Amino acid sequence: MSTTPDLTVRIGAVVLKNPVIAASGTFGFGREMADVFDLSQLGGICSKGVTPEPRVGNPPPRVAETASGMLNSVGLQNPGLERFVSEELPFMKSLGTVVIANIAGNTVEDYQAMCRRLDATDVDAIELNLSCPNVKEGCMAFGSTPTGVAGLVRAVRPMTRKPLWVKLTPNTGDIRETSIAAEASGADAVSLVNTLLGMAIDIRTRRPVLRNNTGGLSGPAIKPVALRMVHEAYQAVGIPIVGMGGILTGEDAIEFLLAGATAVQVGTANLVNPLACQDIMDAMFRYAKEIGLERIADLTGALRIW
Amino acid sequence: MRTLVRTGLVRSVGFMAPGQARMVVEEPATASAAQPGQFLEIDCTPAADGECARSASLRAPFLRRPISFCNVDRVAGTFTLAFRVSGAGTDALSRFRTGDRLSFLGPLGHGFTLPATGTCLAVGGGIGVYPLLHLLRAARERGLGTAAVCGYRSPEEAFLLDEFREVSDRTFFASDSGGLDFTGHAGAALEAFLASQTPAGPVTVLTCGPFPMMRAVAGLCARQGHACQVSLEERMGCGTGICLVCACKVRSLERGEPEYRRCCTEGPVFDAREVVWE
């Protein structure tokens, strides 16, 4: 008997139509893609990283191509929280999909204030960005150690009833420890992983290609590392994992689910294929149908380890 | 919904000068939509039939490459891309064969704005001359006056001279090493050209080329009171405005404060008065 696979997944209280979320920083606030495909099909959209005040970002060049990927050093260019709440969030909420606000700050107080403000909005979840490698203060400094993660999440948790997803960095000693710290401090989910800190050099000028000297590596180049980290974290925590890192195809996304992710975020793929999320959703559906899967959620952690 | 991802049929690929490649692609909807100064984000590996190669492929190079329209033939439904082979992407692109399928996004970006009357004076340096050919053809179709000032490194590396003559009322070709109409870069050539010519009606200068050359052109236009539009270049990621890597520093004419804008979306063409020339 052939059935239509159920693609619904749950990240705590948040129900997604399917496991595919457009990742922060690779989809703007949805405006540029709203007339390219039907965004209501998406499992969710995660906003560009928002900070308390507007940020102009880092000087260019901000991008360097790498083997199977890219480095970026955008530096959280964004209109600031107030304009996000008044102009971008209402637009995002009109798209008919789950909206996650990705937020970043320099201090614990920044994150607390932003969570308080977002608590009074209709955003569906907040993703605490503890992992941006391109800003001087805060952010990755919190996410790279278990004590940093625990201190921040514990301080922020009482500020909001919204689901808190904690986006962690691969630039850390042990992803299990930072994930455990997030869970123990009240996080509803962990998003794994942000970019790997990297560098590119121009041998003619003897300068780094990026004006910021270093940047975040993303794309298929980091997929094996991200998969391994999702797999490790899945064995260490009970909260859902949102997996990401170099997902280009439906097969890539399925690999993340098998490794332990409940949902995935698609990032760099959007830059080279604006229809990447749609293609990935279609391919996941076909896969589920092909193997006679009733619920895509059954794939989470279904890896048969040797 | 807007069709952003398209596939065209490669009609021909060749070199017009050492390291300077030219590709003619057939895709009628793109040829009709292309505006001067706009560009396409090109996948540098041939596309499989009917799908975006990128979704199924890990082949290098990873990012698409922004390349502007050099020429457009709406009747034939084709457009010409011209580019210098300068890295892995353009090298791969130059190896396409007739009959290959090319995946691209676009047309993208805010291009040149043609004036209502007067003369379009295009000033290009090196590979910056490419989008100006399309521009001058469009200007002539509108009944505007057209003039081209093009600067090259040497006469041997000068390309598209006949094509520029065909679409321009006047041409003035410069070379750093002599042998053409003027010896020196395109900015200096523009000054000499304007000193010897009185183009019909108000002059709008539209420029594309190396940053120092465009700075000289913009400075001259400011002194002489000509409107000036510049096509900026910055390393791009997506070309569609979502990744924010192609930041160009411009000063809003209303607000006055320098700010970063997306070269791919608000640009690549800006009013010269907005550009922060640093």
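Couple of notes before you dig in:
- Of the residues making up segment A:128-170, those that are hydroxyl-bearing (Ser, Thr, Tyr), modelled with pLDDT of 90 or more and part of a loop (DSSP other than H, G, I, E, B) number 4.
- Qualifying residue in segment A:51-65 (condition: in contact with a Ser or Thr (Cβ under 7 Å, 6 or more places away or on another chain) and more than 21 Å from A:Gly12 (Cβ to Cβ)): yes
- 1 or more residues charged (D, E, K, R): qualifying strands (runs of 3 or more DSSP E) within segment A:1-90: A:9-11, A:63-66
Results for (1) free of Cβ contacts under 8 Å to residues at least 60 places away in the same chain; (2) more than 30 Å from A:Pro274 (Cα to Cα); (3) in the same structural domain as B:Gly126 (by TED's automatic domain parsing), shown as yes or no for each residue.
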site: B:Thr198; (1), (2), (3): yes, yes, yes
site: B:Cys208; (1), (2), (3): no, no, yes
site: B:Lys249; (1), (2), (3): yes, no, no
site: B:Leu253; (1), (2), (3): yes, yes, no
site: B:Arg262; (1), (2), (3): yes, no, no
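- Filter result (at the interface with chain B (Cβ under 9 Å from one of its Cβ atoms) and not aliphatic (A, V, I, L, M)) within segment A:53-70: A:Gly57, A:Asn58, A:Pro59, A:Pro60, A:Pro61, A:Arg62, A:Glu65, A:Thr66, A:Ser68, A:Gly69
- Members of segment A:4-46 that are more than 12 Å from chain B (Cβ to nearest Cβ) and hydroxyl-bearing (Ser, Thr, Tyr): A:Thr4, A:Thr8, A:Ser40
- Counted residues, segment B:1-43 - those being within 14 Å of chain A (Cβ to nearest Cβ) and without any contact (Cβ under 8 Å) to a residue 24 or more places away in the chain: 2
- Residue check, A:Ala226 more than 12 Å from every other protein chain (Cβ to nearest Cβ), in contact with a Leu (Cβ under 6 Å, 6 or more places away or on another chain), among the hydrophobic types (A, V, I, L, M, F, W, C) and closer than 25 Å to A:Leu128 by Cα: no
Each row is one residue, and each column tells you yes or no for (1) without any contact (Cβ under 8 Å) to a residue 40 or more places away in the chain; (2) over 29 Å from B:Thr3 (Cα atoms); (3) outside the structural domain of B:Glu191 (by TED's automatic domain parsing); (4) surrounded by fewer than 19 Cβ atoms within 10 Å (Cβ to Cβ).
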position: B:Gly89; (1), (2), (3), (4): no, no, yes, no
position: B:Gly125; (1), (2), (3), (4): no, yes, no, no
position: B:Arg142; (1), (2), (3), (4): yes, no, no, yes
position: B:Gly178; (1), (2), (3), (4): yes, yes, no, yes
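- All positions within segment A:60-107 that are under 27 Å from B:Glu234 (Cα atoms) and among the acidic types (Asp, Glu): A:Glu65, A:Glu88
- Matching residues, segment B:94-115, being out of contact with any strand residue (DSSP E or B) (no Cβ under 7 Å at 6 or more places or on another chain) and either of a type in the set (S, T, N, Q) or in the same structural domain as B:Ala186 (by TED's automatic domain parsing) (or both): none
- Filter result (under 30 Å from the mean Cα position of the chain (by Cα) and not small (Gly, Ala, Ser)) within segment A:203-216: A:Pro208, A:Val209, A:Leu210, A:Arg211, A:Asn212, A:Asn213, A:Thr214
- Residue in segment A:108-120 that is without any contact (Cβ under 8 Å) to a residue 24 or more places away in the chain, surrounded by fewer than 24 Cβ atoms within 10 Å (Cβ to Cβ) and not in a strand (DSSP E or B) present: yes
- Among residues of segment A:89-117, those that are over 18 Å from A:Pro163 (Cβ atoms) and within 14 Å of another protein chain (Cβ to nearest Cβ), counted: 1
- Only one of B:Cys238, B:Cys221, B:Cys243 that is more than 14 Å from every other protein chain (Cβ to nearest Cβ), crowded, with 19+ Cβ neighbours inside 10 Å and in contact with a helix residue (DSSP H, G or I) (Cβ under 9 Å, 6 or more places away or on another chain): B:Cys221
- Verdict on B:Arg273 being of a type in the set (Lys, Arg), touching a helix residue (DSSP H, G or I) at 6+ places or on another chain (Cβ under 9 Å), surrounded by fewer than 24 Cβ atoms within 10 Å (Cβ to Cβ) and not in a strand (DSSP E or B): yes
- Residue list for segment B:180-206, restricted to those being closer than 16 Å to B:Thr119 by Cα and among the aromatic types (Phe, Trp, Tyr): B:Phe193
- Any hit, segment B:210-219, residues being touching a Ser or Thr at 6+ places or on another chain (Cβ under 7 Å), touching a residue at least 40 places away in the same chain (Cβ under 8 Å), within 20 Å of B:Leu135 (Cβ to Cβ) and not hydrophobic (A, V, I, L, M, F, W, C): no
- Residue match in segment B:103-114 (condition: surrounded by 19 or more Cβ atoms within 10 Å (Cβ to Cβ), closer than 23 Å to B:Ala216 by Cβ and touching a Phe, Trp or Tyr at 6+ places or on another chain (Cβ under 9 Å)): yes
- Single residue of segment A:71-88 satisfying the filter (in contact with a Leu (Cβ under 6 Å, 6 or more places away or on another chain) and facing chain B (nearest Cβ under 7 Å)) that is surrounded by the most Cβ atoms within 10 Å (Cβ to Cβ): A:Val74
- The set of residues in segment B:178-231 being farther than 21 Å from B:Gln38 by Cβ, modelled with pLDDT of 95 or more and of a type in the set (Ser, Thr, Tyr) consists of B:Thr183 alone.
- Restricting segment B:16-50 to residues that are loosely packed, with under 14 Cβ neighbours inside 10 Å and modelled with pLDDT of 95 or more, the residue that is farthest from the chain's Cα centre (by Cα): B:Ala29
- Single residue of segment A:48-81 satisfying the filter (free of Cβ contacts under 8 Å to residues at least 40 places away in the same chain and of a type outside the set (D, E, K, R)) that is farthest from B:Cys248 (Cα to Cα): A:Leu81
- A single entry from A:Ala187, A:Ala182 fulfils the requirement of being under 16 Å from the mean Cα position of the chain (by Cα) and closer than 25 Å to A:Phe29 by Cβ: A:Ala187.
The values are calculated or read from the model by the stated rules, or taken from the named source; none is laboratory data. Being a predicted model, the structure only gives us computed values, none of them experimental. Positions of Cβ are backbone-derived with ideal geometry, glycine not excepted, and every protein chain shown enters the neighbour counts.
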